[in-house]
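Working notes, structure below.
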């Protein structure tokens, strides 16, 4: 945990649990931009509990992450990423794109932040990671109920990747950063039915995830205590 009393709020500061795919996605994109940032679960040295009144003061919808920068408090991952991309010194990969291509980046960024959450995390990956059944058991009925939607979502992403090198086209972008943690977690899920792994080997999706994991910014996938940089 980083104590904000030891930092300068002129540095973009991200509040949220380190294991959140949304927090990790924004940290990945911040690294891709070449920006220094701070990650914390405290404000002015005081821990902020998830879904607490202090958290609600930062985001009335009680979600993470929240960006604090100078006098700005900003939530929703795509908005945070778009803001970071406009900061002095940022080197957004999208800067080489034309207007219509940038719109496609925003489209797929929303897909990553909204539909990946709905179809992969809710009721499936979250249930596997944080079981809510009796005695802490995984509610396999809930997992099986949500499994078809997860497979449909991944099939849509597979189709896109069979046509393009990256999620929004031929260039790495914010959309790729936002979807990276969701695919990383999906790939770690155990075999849940006769169809096998969620992300199958020797597919466009598996190749894409391998390329995402090879990027220096992927350090934020596996090292929760990675120092801000």
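Readers should treat all values here as calculations from the given coordinates under stated rules, not as data from a laboratory. Note that the coordinates shown come from a computational prediction; the quantities given were computed from them, not determined experimentally. Every residue, glycine among them, receives a Cβ derived from its backbone with ideal geometry; neighbour counts consider all protein chains shown.
When its C-alpha radius of gyration is set against 2.2 N^0.38 Å (N residues), the chain gives a value of 1.02. Working from Cα pairs under 8 Å separated by at least six residues, relative contact order for the chain is 23 percent. Between residue 91 and residue 134, the contour length at 0.36 nm per residue exceeds the Cα-Cα span by 10.6 nm.
Look at where the Cα atoms of the stretch 27-68 and of the stretch 86-135 average out, and the two centres are 17 Å apart. Comparing 54, 194, 129 in a Gaussian network model of the chain where C-alpha atoms under 10 Å apart are linked, the largest mean-square fluctuation is found at 194. Summary value for the stretch 54-129: 17 percent relative contact order, contacts being C-alpha pairs under 8 angstrom separated by 6+ residues.
Taking every DSSP helix (H) stretch of at least 4 residues in the chain, weighting each as -39,500 (n - 2.57) and dividing the sum by the residue count yields a mean residue ellipticity at 222 nm of -12500 deg cm²/dmol.
Annotation: peptides 150-156, 41-47, 134-140, ranked by per-residue average of other Cβ atoms within 10 Å with the highest first, follow the order 150-156, 41-47, 134-140.
You can think of it this way: the chain between residue 9 and residue 211 has 69.4 nm of extra reach, that is 0.36 nm per residue less the Cα-Cα gap.
Rounded to 0.05, the FRET efficiency of the residue 73 and residue 98 pair, given R0 = 35 Å and the Cβ-Cβ distance, is 0.60. With a ≥ b ≥ c taken as the square roots of the eigenvalues of the C-alpha gyration tensor of the stretch 4-93, please select rounded if a/c is under 1.5 and otherwise prolate if a/b is larger than b/c or oblate if it is not? Because a/c hits 1.5 or more and a/b exceeds b/c, the stretch 4-93 counts as prolate. Note on residue 49 and residue 187: with the Förster distance fixed at 45 Å, the Cβ-Cβ geometry gives a FRET efficiency of about 0.90.
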